[in-house]
1. Exactly one condition in (1) among the basic types (Lys, Arg); (2) in contact (Cβ under 8 Å) with a residue 40 or more places away in the chain; (3) more than 14 Å from chain B (Cβ to nearest Cβ) is false for A:LYS249; which is it?
2. Tell me, please, whether a residue that is at pLDDT below 95 and either aliphatic (A, V, I, L, M) or part of a loop (DSSP other than H, G, I, E, B) (or both) can be found in the range A:192-207.
3. So, in the range A:1-12, how many residues would count as being surrounded by fewer than 19 Cβ atoms within 10 Å (Cβ to Cβ) and not in a loop (DSSP other than H, G, I, E, B)?
4. Can you find, within the range B:90-104, the residue that is farthest from B:LEU128 (Cα to Cα) among those that are part of a helix (DSSP H, G or I) and without any contact (Cβ under 8 Å) to a residue 24 or more places away in the chain?
5. I'd like the residue in the range A:72-107 that is out of contact with any Phe, Trp or Tyr (no Cβ under 9 Å at 6 or more places or on another chain) and farther than 28 Å from B:PRO37 by Cβ and, out of all such residues, is surrounded by the most Cβ atoms within 10 Å (Cβ to Cβ).
6. Being of a type in the set (D, E, K, R) and more than 14 Å from B:PHE98 (Cα to Cα) is the filter; apply it to the range A:232-270 and report the residue that is surrounded by the fewest Cβ atoms within 10 Å (Cβ to Cβ).
7. Where residues in the range A:87-116 are part of a loop (DSSP other than H, G, I, E, B), of a type outside the set (Asp, Glu) and modelled with pLDDT of 95 or more, which of them is nearest to A:TRP204 (Cα to Cα)?
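The values are calculated or read from the model by the stated rules, or taken from the named source; none is laboratory data. Small disclaimer: the values here were computed from a predicted structure and weren't measured. Methodologically, a virtual Cβ is constructed for each residue, glycine included, from the backbone with ideal geometry; neighbour enumeration extends over all protein chains shown.
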Amino acid sequence: EPLDFTRAPQFSTGEEKTPFKDVIRYNNFYEFGTGKDDPAKYAESMSVDPWSVIVDGECGKPGTYALEDLLRPHDYEERVYRLRCVEAWSMVIPWVGVPLADVVKRLEPTSKAKYVYFETLEDPEQMRGQQSIFSTIDWPYREGLRMDEAMNELAFLAVGLYGKALPKQNGAPIRLVLPWKYGFKSIKSIVRIRFQETRPKTTWERIAPSEYGFYANVNPEVDHPRWSQKRERRLPSGLLSPNWIETEKFNGYGEQVAGLYKGMDLRKFY
Amino acid sequence: MAPKCGGAARVPLAGGGAGIFASYVVGWGYVSGAVGPDPGQIITEALGLAAFQLLLATLAMTPLRRWTGWGGWLRVRRMLGLFAFFYAVLHVLAFLQFILGWSDLWATFTKRPYIIAGAVAFLCLVPLAVTSPVSAMRRLGPYWKRLHKLIYLAVGVAWVHFLWQARSDLGEMVMYGLLLAILLGVRAIGQAGPVWSLLKRADIG
């Protein structure tokens, strides 16, 4: 059903948007299989209503929140963000949701909260990709942010895209959107938010630490060991005229986020 | 091992038909938009997997002949091998055109292990394709068979090429690996047969 929201032009790009049909049929969501079309084919088996999110760790308002209660005090806004996948393709997507910082503040993290940790639903019965005995992922899918990254104005909790509630394959009913980081950081179908003092080990960091770092900021100067990150195919891309564009540092959001990483060697903290 | 020529005309005919069908499927998939918003990636992957599957099918022909006793399998073997090569050529071209756009070639082929594995597999197939005509087979005599053992290296390295790309779910490649192990295993047993009987004879002697 359509959502109520206001537009946030200061957080939007005028670039051509990736069509809705492509956003919902081509993505990674390994809980439903490793093929790009697997999420669209199999995510229907996930039940997203009712949905609750466990909040725990170093904060003043821990508890199990019904999704409506977690979101109710906030107004939805629409932001058009670039999404850059580590596999060197990218999209432009109009998301609907709330700033992550607003939700985090309400949960009252303590001074010990240095990191925020997120978890995706784990339920092999609803998620066929979690049934595979050959998967190297130790479910559930885990992600994390440094506290100042989570409080950055760009960090967004999305509940919809193209003005409607999130399709299941795109991470319904609530997901993260971090446009300056590679797509896998933007964790889908969140069931846990935990504030902690130590840095969480994220899913891809656990599988291949030499390929996927904790920060995973978009950076054309640091290649993935298996492919170059200098360019990306903006989707939809043609066969005979591939839609190549140069990848920008922080995916073009350096003005908002570069300060977070001042003094850090981004070749080391990739 | 040289295939007989009788009825051989039907083989290229069937092969051509299969090729046209494959091009039709890929072509229609593209035109109708069914391959999705990133057609270069999808088509490159599909061509590579088809080449690998055809290589496995090629390897299955010798054991099939042994089990069924029908010599026709060997005639099909050459055709399948050439088709594997044909798809591998298309896969390499698709990779260069759609994925690389002919840029970054040096880094790609020197720094990235899975690409190097793929390139090695492809280079192994070139002499096999070149020496596939009966005339080459005659000219090379006993060396032909030795040369064509390169297919074992090609298919093994091709499997590694895929395995290194499987990012989190190894299931599919484990399955192909089992299939490959079976295909190579039955050959080893076939080779061990005469050795075994020799050993037994030696024992008795």
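1. (2)
2. Within the range A:192-207 (the criterion being at pLDDT below 95 and either aliphatic (A, V, I, L, M) or part of a loop (DSSP other than H, G, I, E, B) (or both)), the answer is yes, since at least one residue qualifies.
3. Counting residues in the range A:1-12 that are surrounded by fewer than 19 Cβ atoms within 10 Å (Cβ to Cβ) and not in a loop (DSSP other than H, G, I, E, B) gives 5.
4. Quick first cut of the range B:90-104, residues part of a helix (DSSP H, G or I) only: B:90-100.
Going one step further and asking which of them are without any contact (Cβ under 8 Å) to a residue 24 or more places away in the chain, we end up with B:93, B:96, B:100.
Working: B:LEU93: 19, B:LEU96: 22, B:LEU100: 27 Å.
The selected residue is B:LEU100.
5. Looking at the filtered set, the residue picked out is A:VAL103.
6. We begin by selecting, within the range A:232-270, every residue of a type in the set (D, E, K, R); these are A:232-234, A:246, A:248-249, A:255, A:262, A:265, A:267-268.
Subset that is more than 14 Å from B:PHE98 (Cα to Cα): A:246, A:248-249, A:255, A:262, A:265, A:267-268.
Values: A:GLU246: 8, A:GLU248: 16, A:LYS249: 17, A:GLU255: 8, A:LYS262: 6, A:ASP265: 8, A:ARG267: 9, A:LYS268: 9.
Top of the filtered list is A:LYS262.
7. Filtering the range A:87-116 for residues part of a loop (DSSP other than H, G, I, E, B) gives A:87-88, A:107-108, A:110-114.
Checking the rest, the ones that are also of a type outside the set (Asp, Glu) come to A:88, A:107, A:110-114.
Next, only the ones that are modelled with pLDDT of 95 or more stay: A:107, A:110-114.
Working: A:LEU107: 27, A:THR110: 28, A:SER111: 28, A:LYS112: 25, A:ALA113: 23, A:LYS114: 21 Å.
Among those that are part of a loop (DSSP other than H, G, I, E, B), of a type outside the set (Asp, Glu) and modelled with pLDDT of 95 or more, it is A:LYS114.
Okay, residues lined up against (1) within 13 Å of chain B (Cβ to nearest Cβ); (2) touching an Asp or Glu at 6+ places or on another chain (Cβ under 6 Å); (3) hydroxyl-bearing (Ser, Thr, Tyr):
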{"position": "A:PRO173", "(1), (2), (3)": "no, no, no"}
{"position": "A:PRO179", "(1), (2), (3)": "no, no, no"}
{"position": "A:ILE207", "(1), (2), (3)": "yes, no, no"}
{"position": "A:GLU232", "(1), (2), (3)": "yes, no, no"}
{"position": "A:SER241", "(1), (2), (3)": "yes, no, yes"}
